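A.B. asks: Shown below is the structure under consideration.
The values are calculated or read from the model by the stated rules, or taken from the named source; none is laboratory data. For clarity, every value in this text was computed on a predicted model and none was experimentally measured. Cβ atoms come from the backbone with ideal geometry, glycine included; neighbour counts cover every protein chain shown. Remember, those area values only see protein heavy atoms, side chains included, never the ligands or the DNA or RNA. Shrake-Rupley method; radii C 1.70, N 1.55, O 1.52, S 1.80 Å.
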Amino acid sequence: MALLRNSVRLLTFKRSDISIINYYPFHEAVRTISSSTRHTSLLTNKNVNEYTQKYHSGHLMHFEDGKDVRVVDMRSDVLTKPNKAMRKAMAEAEVGDDVFREDPTILKIETKVAEMFGMESALFVPSGTMGNLISIMAHCCNRGEEIILGDQSHLFLFEQGGYAQVAGVHPMPVVNRKDGTFSIDEMKRKIRPIDDPHQPITRVISLEDTHNACGGRVLPLAFIEEVSAVAKKHDLVLHMDGARLMNACYALGCPPGDITRHCDSVSMCLSKGLGAPIGSVIAGNKFFIER
């Protein structure tokens, strides 16, 4: 199924009564195609939200010929919603004040995630953007320090450049390959010399797994280990933007700890395909989480 890079495309096709909706943001048009009714219509951004709200995932589209097509909304994996069991768990969850660290449910999920990643501690935060931002801020203690990251990474392309805007951390991009990796040699060249006061201080290397802008590619474990070895040699921190890390675990057939064991910190979203309406968890050592 071809996607139009410069449009928002709603592609409806008659195959087992399923309709697929694909969404590419920042563009101007939505095209709806139905093989069952053989009609094509063009929608503007003004009514794309109205259309997608009306025909959300699981909804049946009824056409004049009497044929129904069920909608699967694939604009983003954040569109997953809690099922009945999750809603029941939410309603019955034991709660408390998290400022005083007295919310047992939050403490349980933090403990569980830390154990899954093989980390000492974890912290629940409202969003993946916040998780990445405060992770970088915790690692970079001074303004003017630098993070090496892929030029197609979510941290570099989006998130409003929060590490620079809020924390005063300078980005040093390396060229992402199509599989989400980058050249180790280029990364080494981008590490700043420690004896030149005119240059920023390299502090963090950031990876993204799975890699969103590279088509959801899974980073090879050997690549993560190789990056980690360079980071340790230069006394740098390795952060993993693992918003969709569970997808990588499924693809590799391994537990999360196998991916993060070479990382100093990780941020994972609970809303990316996992059904939670909000929330992320960051994990690392106790000092990192306390900071």
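A.B. asks: Does S280 satisfy being small (G, A, S) and over 24 Å from V175 (Cα atoms)? Step through it out loud before you land on a result.
C.D. replies: On the way: small (G, A, S): yes; over 24 Å from V175 (Cα atoms): yes.
For S280, the condition - small (G, A, S) and over 24 Å from V175 (Cα atoms) - is met.
A.B. asks: Testing L207 on (1) of a type in the set (A, V, I, L, M); (2) free of Cβ contacts under 8 Å to residues at least 40 places away in the same chain; (3) under 18 Å from S183 (Cβ atoms), one condition comes back false. Which one is that?
C.D. replies: So L207 meets the others, but not (2).
A.B. asks: Right, R203: surrounded by 15 or more Cβ atoms within 10 Å (Cβ to Cβ), basic (K, R) and within 15 Å of D264 (Cα to Cα) or not?
C.D. replies: yes
A.B. asks: Only one of (1) of a type outside the set (A, V, I, L, M); (2) modelled with pLDDT of 95 or more; (3) at negative phi; (4) over 21 Å from the mean Cα position of the chain (by Cα) fails for D235. Which number is that?
C.D. replies: (3)
A.B. asks: Considering only segment 211-222, state which residues are open to solvent by 10 Å² or more (accessible area, probe 1.4 Å) and closer than 17 Å to C269 by Cβ.
C.D. replies: Here is the first cut: in segment 211-222, the residues open to solvent by 10 Å² or more (accessible area, probe 1.4 Å) are 212-218, 220-222.
Hits for segment 211-222 are N212, A213, G216, V218.
A.B. asks: Given the criteria open to solvent by 40 Å² or more (accessible area, probe 1.4 Å) and under 26 Å from L252 (Cα atoms), does Q152 qualify? Talk me through it step by step, then tell me what you get.
C.D. replies: Details: open to solvent by 40 Å² or more (accessible area, probe 1.4 Å): yes; under 26 Å from L252 (Cα atoms): yes.
So Q152 passes the test.
A.B. asks: Scan segment 209-238 for residues that are of a type in the set (S, T, N, Q) and out of contact with any helix residue (DSSP H, G or I) (no Cβ under 6 Å at 6 or more places or on another chain) and report the count.
C.D. replies: Here the count works out to 1.
A.B. asks: Ok, one more. The conditions are (1) out of contact with any strand residue (DSSP E or B) (no Cβ under 6 Å at 6 or more places or on another chain); (2) in a loop (DSSP other than H, G, I, E, B), and A243 fails exactly one of them. Which is it?
C.D. replies: With (1) out of contact with any strand residue (DSSP E or B) (no Cβ under 6 Å at 6 or more places or on another chain); (2) in a loop (DSSP other than H, G, I, E, B) applied to A243, the lone miss is (1).
A.B. asks: In segment 223-231, is there at least one residue being surrounded by 15 or more Cβ atoms within 10 Å (Cβ to Cβ) and either among the polar types (S, T, N, Q) or in a strand (DSSP E or B) (or both)?
C.D. replies: Scanning segment 223-231, I find at least one residue that is surrounded by 15 or more Cβ atoms within 10 Å (Cβ to Cβ) and either among the polar types (S, T, N, Q) or in a strand (DSSP E or B) (or both), so the answer is yes.
A.B. asks: Anything in segment 155-170 that is surrounded by fewer than 18 Cβ atoms within 10 Å (Cβ to Cβ) and either part of a helix (DSSP H, G or I) or within 19 Å of the chain's Cα centre (by Cα) (or both)? List them, or say none.
C.D. replies: Passing the criteria: L157, F158, Q160, G161, A164, Q165.
A.B. asks: Okay, next question. Within the bounds of segment 100-108, is there any residue that is within 26 Å of I184 (Cα to Cα) and open to solvent by 30 Å² or more (accessible area, probe 1.4 Å)? Full working, then the answer.
C.D. replies: Taking segment 100-108 and keeping what is within 26 Å of I184 (Cα to Cα), we get none.
No, segment 100-108 contains no residue that is within 26 Å of I184 (Cα to Cα) and open to solvent by 30 Å² or more (accessible area, probe 1.4 Å).
A.B. asks: If only one of D195, D185, D179 is open to solvent by 70 Å² or more (accessible area, probe 1.4 Å) and in a loop (DSSP other than H, G, I, E, B), which one is it?
C.D. replies: Details: D185 fails: in a loop (DSSP other than H, G, I, E, B); D179 fails: open to solvent by 70 Å² or more (accessible area, probe 1.4 Å).
Matching residue, one of D195, D185, D179: D195.
A.B. asks: Let me ask something else about it. So which pairs qualify, if the first residue must be in segment 128-141 and farther than 14 Å from R244 by Cβ, the second must be basic (K, R) and open to solvent by 40 Å² or more (accessible area, probe 1.4 Å), the Cβ gap must be under 7 Å, and the two must be at least 6 apart or on different chains?
C.D. replies: A138/R291; H139/R203; C140/R203
Yes/no matrix, rows are residues, columns are (1) open to solvent by 50 Å² or more (accessible area, probe 1.4 Å); (2) touching a strand residue (DSSP E or B) at 6+ places or on another chain (Cβ under 9 Å); (3) in contact (Cβ under 8 Å) with a residue 40 or more places away in the chain; (4) over 24 Å from L157 (Cβ atoms):
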| site | (1), (2), (3), (4) |
| --- | --- |
| H239 | no, yes, yes, no |
| D264 | yes, yes, yes, no |
| G273 | no, no, yes, no |
| S280 | no, yes, yes, no |
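A.B. asks: Considering (1) in contact with a Pro (Cβ under 9 Å, 6 or more places away or on another chain); (2) assigned to a strand (DSSP E or B); (3) open to solvent by 30 Å² or more (accessible area, probe 1.4 Å); (4) charged (D, E, K, R), say which one E146 fails and leave the rest.
C.D. replies: Every listed condition holds for E146 apart from (3).
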